[in-house]
Amino acid sequence: MAIRNMVYEGDPLLRKTSREVTAFDERLGTLLDDMAETMYQQSGVGLAAVQVGVLRRAVVIDIGEGKIELVNPMILETSGSQVGSEGCLSFPGQFGIVERPDAVTVKAQNRKGEWFEVTGTALLARALCHEIDHLDGIVFTDHATRMLEPNENPPKNKRRVTAHVKKSKAAE
Ligand code: NI
């Protein structure tokens, strides 16, 4: 595993649409491992491949309940809404108030190409939306109703977080 160089705000790569992953090979595994290591090193809760300069539809998320790898993820369903602060490893030190769905169900492939579904609420729902946005060149500042001042403490999300991952063979 290796720490990869990050792509930061202002880099045109962050605005590009990432391509579908078609090869579920060792190279994809290495990319996902490196993305996780890079995310953990910076205490992030999510990272999209574009943020390490790879325009492929791959995401890693860990909100503290274990790592989730999402390849070619698609949002199937959303419900409710939550308003809270959000940041991004490509925008160090910046936080904004962003409205997101309160619950999100996503269909994705794992590193072997097997389809599964994950449903997340609260912070996980926020992370799923944020990272999938990255794959289409969308960043959180696009959604922010306002950015926090540098010395303003981001409001804490007090809601309990739930994640539910299930295997789905029908999802194709
Ligand atoms: Ni981000």
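The values are calculated or read from the model by the stated rules, or taken from the named source; none is laboratory data. Being a predicted model, the structure only gives us computed values, none of them experimental. Cβ: placed from backbone, ideal geometry, glycine included. Neighbour counts: every protein chain shown. Side chains are part of the model used for accessible areas, which takes the heavy atoms of the whole protein and leaves out ligands, DNA and RNA. Shrake-Rupley method; radii C 1.70, N 1.55, O 1.52, S 1.80 Å.
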Check your understanding: Hey, what's the stretch 1-127 come to in accessible area per residue, 1.4 Å probe, Å²?
Key -> 45
Check your understanding: Which residue fluctuates the most in the chain, going by a Gaussian network model with Cα springs under 10 Å, if the choices are ALA48, ALA122, ALA23?
Key -> ALA23
Review point. Hey, can you rank 110-116, 9-15 by average C-beta count inside 10 Å, highest first?
Key: 110-116, 9-15
Exercise for review: Classify the stretch 1-45 as rounded, prolate or oblate from the Cα gyration tensor: take a ≥ b ≥ c as the square roots of its eigenvalues, call it rounded if a/c is under 1.5, otherwise prolate when a/b beats b/c and oblate if not.
Suggested key: oblate
**Study point:** Among beta bridges that DSSP assigns inside the chain, antiparallel share in %, nearest 5
**Key:** 95
Practice item. With a/c under 1.5 counting as rounded, go ahead and sort the chain into rounded, prolate or oblate using the C-alpha gyration tensor (a ≥ b ≥ c being the square roots of the eigenvalues; past the cut-off, prolate if a/b is larger than b/c, else oblate). Key: oblate
Review point. Tell me, what is the FRET efficiency for ASP25 and ASP136 to the nearest 0.05, using R0 = 22 angstrom and their Cβ-Cβ distance as r?
Key: 0.35
Revision key, fill the gap. Output for the stretch 1-102: chymotrypsin sites (Phe, Trp or Tyr not before Pro) sitting in coil per DSSP, at most 16 other Cβ within 10 Å, listed by number, reads TYR8, PHE24
Review point. Protein chains only, probe 1.4 Å: how do ASP142, ASP33 rank by accessible area, largest first?
Key: ASP142, ASP33
Study note, to complete from the structure: Interchain or sequence-distant (5+) residues whose placed amide H lies within less than 5 Å of the amide H of ALA103 are SER79
Exercise for review: Would you mind calculating the relative contact order of the chain from Cα pairs under 8 angstrom and at least 6 residues apart, reporting the percent as a whole number?
Suggested key: 23
Exercise for review: Give me the percent of the accessible area of the stretch 1-111 that comes from carbon and sulfur atoms, probe 1.4 Å, all protein chains in place.
Suggested key: 47
Review point. In nm, to one decimal, how far is the LYS112 label point from the MET1 one, both placed 7 Å along Cα→Cβ?
Key: 2.0
